[in-house]
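The values are calculated or read from the model by the stated rules, or taken from the named source; none is laboratory data. Since we're looking at a predicted model, the values are computed, not measured. Because the Cβ atoms are built from the backbone with ideal geometry, glycine has one as well, and the counts that use them run over all protein chains shown.
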Amino acid sequence: MSNNADFSKLIQVGRPPNIVQRFPNSQALIVSGKVIDQALTQKGGAMTMAANGRNSLVIRGALLAAQRADAAIIIEIARSESSYCPITFYNIAMQVDAACNELGITIPVAIHADHYGIKSEDDLPFARMEIPSIFDAGMTSIAVDASHMPDDKNLLANIELNAFIPAWAGLETEVGEIKGNQGLSTVDDASFLIKGLNAHGIFADWIALNNGSSHGLEASGTGIQVELTGEIHKHLEPYGVSGAQHGTSGNNSDKLRAITANTRTTKANVATALQMVSWGVEVNDFGNATQDSEGNFIKVQGEGVTDETWQKMTNYATAHGLSGGDYKKLNLPFESLILAQPADVRERMVHRVEDFVFNMLTNVFSAGGTATIAKELILEAGSHDLGAKGKRIEDPAEWTRELIIERAKTLDVDKGPDGDFDD
């Protein structure tokens, strides 16, 4: 698979049309999210990282790790992250493409718009305009997250917006906001969403659940509920949908290995841990940044940003009342200072991320070798479009708008408390 003829063929047939148009002279193997999911599915008992590229150094480190591990990988950014990070829906593909070409990355990479949030029906007109634009910018996968709304409106929003998503693209849907152990997803609401989509000829590659995880720093100690996840995935098996695990940071390696082995999860989002690792903050096996008795993050001597830069970052955080997970809001104001640091400092930031991601991919997620599998799938199909894993099972006549609204009233669900649960 490593010979030049095979790779030239992969570049010729494996890149989706928006990537060919956006980067016509590129040698980066940017592929649909479907390719990544199907490679992990074929291996079995494996998931890969969806690395949230909150800065360019995280992106470089994750790509180097995946290359080293022969692992297919996803680089993503969430809609909300674009408000406090320099990486956005509109420049992430450029960052990934440039890094792949510069670093000689040859593994398949998908670029994912995570948590494309629809908080109410008022968001739909803008979404109809923006979704095609982010694919023009180089997205190859998207998560439509209307989980903030009632189940019927969540399903109806997914159905409406699907017309604006390329058929070849990776598709994630979500049921239940990520609220830790509150408002847990059920077989009932997850089945409602997937069956309703299926009836309309929409076959999601992934479903994200509220299965006990939380975004940012996981402090509860409960974390992902593996048995709940496995039960829901078992009920959804006929529909060919995989799991997407959100809030991976904060769950120890044994918990993540159990998710890998005992559920149908193929995509694991990692955001906060990568940010902290790149800065040089001490991170434990749970992926959480460790804190001292006063609640301050512990900076590892000689790792990550310089001590001077870190002092400026912590001073800024104190002045602006930022602590814990809100340290994410340091990304944008300190982007220029971080990139202005000496080359050896930037490189140690990259390689700290690389080592962390490599360990996760190979020793926890069992993703090694999936890059080769993904390449073989593309060559076998002779196309960038591998098609859907699912097929229509449900009767469309039973899933009209009116019947969807009526069905939703009978669901056994607990949405949990209201609040700001953005990633």
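The residues on offer are Ser147, Ser185, and the sole one that is surrounded by 20 or more Cβ atoms within 10 Å (Cβ to Cβ), out of contact with any Leu (no Cβ under 7 Å at 6 or more places or on another chain), at pLDDT below 95 and of a type in the set (S, T, N, Q) is Ser147.
Only one of Met149, Met139 is part of a loop (DSSP other than H, G, I, E, B), under 21 Å from Glu406 (Cβ atoms) and either in contact with a helix residue (DSSP H, G or I) (Cβ under 8 Å, 6 or more places away or on another chain) or among the acidic types (Asp, Glu) (or both); which? Step through it out loud before you land on a result.
Numbers: Met139 fails: under 21 Å from Glu406 (Cβ atoms).
None of the other options fit; the residue is Met149.
If only residues of region 191-216 that are crowded, with 24+ Cβ neighbours inside 10 Å and part of a loop (DSSP other than H, G, I, E, B) are counted, the one that is modelled with the lowest pLDDT is His215. Within region 305-329, if we keep just the residues that are more than 25 Å from the chain's Cα centre (by Cα) and of a type in the set (Ser, Thr, Tyr), the residue that is surrounded by the fewest Cβ atoms within 10 Å (Cβ to Cβ) turns out to be Thr318. As a summary of the residue check, Ala50 satisfies the conditions (1) under 30 Å from Gly304 (Cβ atoms); (2) touching a His at 6+ places or on another chain (Cβ under 7 Å); (3) not in a strand (DSSP E or B) except for the one numbered (3).
Of all the residues in region 62-78, those that are in a strand (DSSP E or B) and either touching a residue at least 60 places away in the same chain (Cβ under 8 Å) or surrounded by fewer than 24 Cβ atoms within 10 Å (Cβ to Cβ) (or both) number 4. Of the residues making up region 79-104, those that are in a helix (DSSP H, G or I), surrounded by 15 or more Cβ atoms within 10 Å (Cβ to Cβ), polar (S, T, N, Q) and touching a residue at least 40 places away in the same chain (Cβ under 8 Å) are Ser80, Gln95. Take the residues in region 330-341 that are surrounded by fewer than 22 Cβ atoms within 10 Å (Cβ to Cβ) and touching a residue at least 24 places away in the same chain (Cβ under 8 Å); name whichever of them is nearest to the chain's Cα centre (by Cα). Result: Asn331.
The single condition among (1) at pLDDT below 95; (2) surrounded by 19 or more Cβ atoms within 10 Å (Cβ to Cβ); (3) assigned to a helix (DSSP H, G or I) that Asn158 does not meet is (1). With respect to (1) modelled with pLDDT of 95 or more; (2) assigned to a loop (DSSP other than H, G, I, E, B); (3) more than 15 Å from the chain's Cα centre (by Cα), the lone exception for Ala163 is condition (2).
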